[in-house]
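Asks: My questions all concern the structure below.
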Amino acid sequence: MLVVVGIGLVVASASDWRVGLRIMSGGLVGAAGLRLLLPEKDAGMLAVRHRFLDIAILVSVAVGLVLLAASIPEQS
């Protein structure tokens with residue numbers, strides 16, 4: 001998931017920042033899904049806090065990024 005977020009960061013800095021934010025959001029949602037499904041011992045760095053708090057934070061940041069990309073008007 002870290003690689004996906006990194007790719008999104010590269011896309012955001014090199015070309016279309018909206019697409020980059022959407023890629024990063026997808027990586028964060030994927031990380032939330034892995035945190036939900038993996039046992040505590042296999043979650044690695046995804047397991048920082050309690051399971052549902054980790055998931056809530058990851059999904060909240062992902063939704064925030066998508067809303068940010070959608071709410072800023074296109075500049076000419």
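Asks: For residues that are exposed (fewer than 13 other Cβ atoms within 10 Å of the Cβ) and either of a type in the set (A, V, I, L, M, F, W, C) or at pLDDT 90 or above (or both), tally how many sit in the range 16-32.
Replies: At the first step, the residues of the range 16-32 found to be exposed (fewer than 13 other Cβ atoms within 10 Å of the Cβ) are 16.
When the remaining residues are screened for being either of a type in the set (A, V, I, L, M, F, W, C) or at pLDDT 90 or above (or both), the result is none.
Looking only at that region, the number is 0.
Asks: Name the residues in the range 24-54 that are among the charged types (D, E, K, R) and over 14 Å from residue 1 (Cα atoms), would you?
Replies: Within the range 24-54, the subset among the charged types (D, E, K, R) is 35, 40-42, 49, 51, 54.
Answer for the range 24-54, where residues must be among the charged types (D, E, K, R) and over 14 Å from residue 1 (Cα atoms): 40, 41, 42, 49, 51, 54.
Asks: Which of the residues spanning the range 1-30 are polar (S, T, N, Q) and within 9 Å of the chain's Cα centre (by Cα)? Give the steps one after another, and end with the answer.
Replies: Quick first cut of the range 1-30, residues polar (S, T, N, Q) only: 13, 15, 25.
Within the range 1-30, just 25 meets the criteria.
Asks: Does any residue of the range 33-43 turn out to be more than 17 Å from the chain's Cα centre (by Cα) and either of a type in the set (A, V, I, L, M) or buried (at least 18 other Cβ atoms within 10 Å of the Cβ) (or both)? Step through it out loud before you land on a result.
Replies: Just the residues of the range 33-43 that are more than 17 Å from the chain's Cα centre (by Cα), to begin with: 38-42.
Restricting the remaining residues to those that are either of a type in the set (A, V, I, L, M) or buried (at least 18 other Cβ atoms within 10 Å of the Cβ) (or both) gives 38.
So far as the range 33-43 goes, yes, one or more of its residues are more than 17 Å from the chain's Cα centre (by Cα) and either of a type in the set (A, V, I, L, M) or buried (at least 18 other Cβ atoms within 10 Å of the Cβ) (or both).
Asks: Of the residues that make up the range 31-47, is at least one basic (Lys, Arg) and either in contact with a Cys (Cβ under 8 Å, 6 or more places away or on another chain) or farther than 14 Å from residue 69 by Cβ (or both)?
Replies: Residues of the range 31-47 that are basic (Lys, Arg), as a first pass: 35, 41.
Subset that is either in contact with a Cys (Cβ under 8 Å, 6 or more places away or on another chain) or farther than 14 Å from residue 69 by Cβ (or both): 35, 41.
Yes, some residue in the range 31-47 is basic (Lys, Arg) and either in contact with a Cys (Cβ under 8 Å, 6 or more places away or on another chain) or farther than 14 Å from residue 69 by Cβ (or both).
Asks: Among the residues that make up the range 67-75, is at least one of them more than 10 Å from the chain's Cα centre (by Cα) and surrounded by 15 or more Cβ atoms within 10 Å (Cβ to Cβ)? Spell out how you get there, then give the answer.
Replies: Pass one, the range 67-75, residues more than 10 Å from the chain's Cα centre (by Cα): 67-75.
Subsequent filtering for residues that are surrounded by 15 or more Cβ atoms within 10 Å (Cβ to Cβ) retains 69.
The answer is yes; a qualifying residue exists.
Asks: Consider residue 6 carefully, then state whether it is surrounded by 13 or more Cβ atoms within 10 Å (Cβ to Cβ) and either out of contact with any helix residue (DSSP H, G or I) (no Cβ under 6 Å at 6 or more places or on another chain) or of a type in the set (Ser, Thr, Tyr) (or both). Break it down stepwise before answering.
Replies: Values: surrounded by 13 or more Cβ atoms within 10 Å (Cβ to Cβ): yes; either out of contact with any helix residue (DSSP H, G or I) (no Cβ under 6 Å at 6 or more places or on another chain) or of a type in the set (Ser, Thr, Tyr) (or both): yes.
Considered against the rule, which asks whether it is surrounded by 13 or more Cβ atoms within 10 Å (Cβ to Cβ) and either out of contact with any helix residue (DSSP H, G or I) (no Cβ under 6 Å at 6 or more places or on another chain) or of a type in the set (Ser, Thr, Tyr) (or both), residue 6 comes out as yes.
Asks: Return yes or no: is residue 12 in contact with a Ser or Thr (Cβ under 6 Å, 6 or more places away or on another chain), in contact (Cβ under 8 Å) with a residue 12 or more places away in the chain and not hydroxyl-bearing (Ser, Thr, Tyr)? Walk me through how you get there before you give the answer.
Replies: On the way: in contact with a Ser or Thr (Cβ under 6 Å, 6 or more places away or on another chain): no; in contact (Cβ under 8 Å) with a residue 12 or more places away in the chain: yes; not hydroxyl-bearing (Ser, Thr, Tyr): yes.
No; evaluated as a whole, the condition is false for this residue.
The values are calculated or read from the model by the stated rules, or taken from the named source; none is laboratory data. Since we're looking at a predicted model, the values are computed, not measured. Cβ coordinates were reconstructed from backbone atoms using ideal geometry, including for glycine residues, and neighbour counts include every protein chain displayed.
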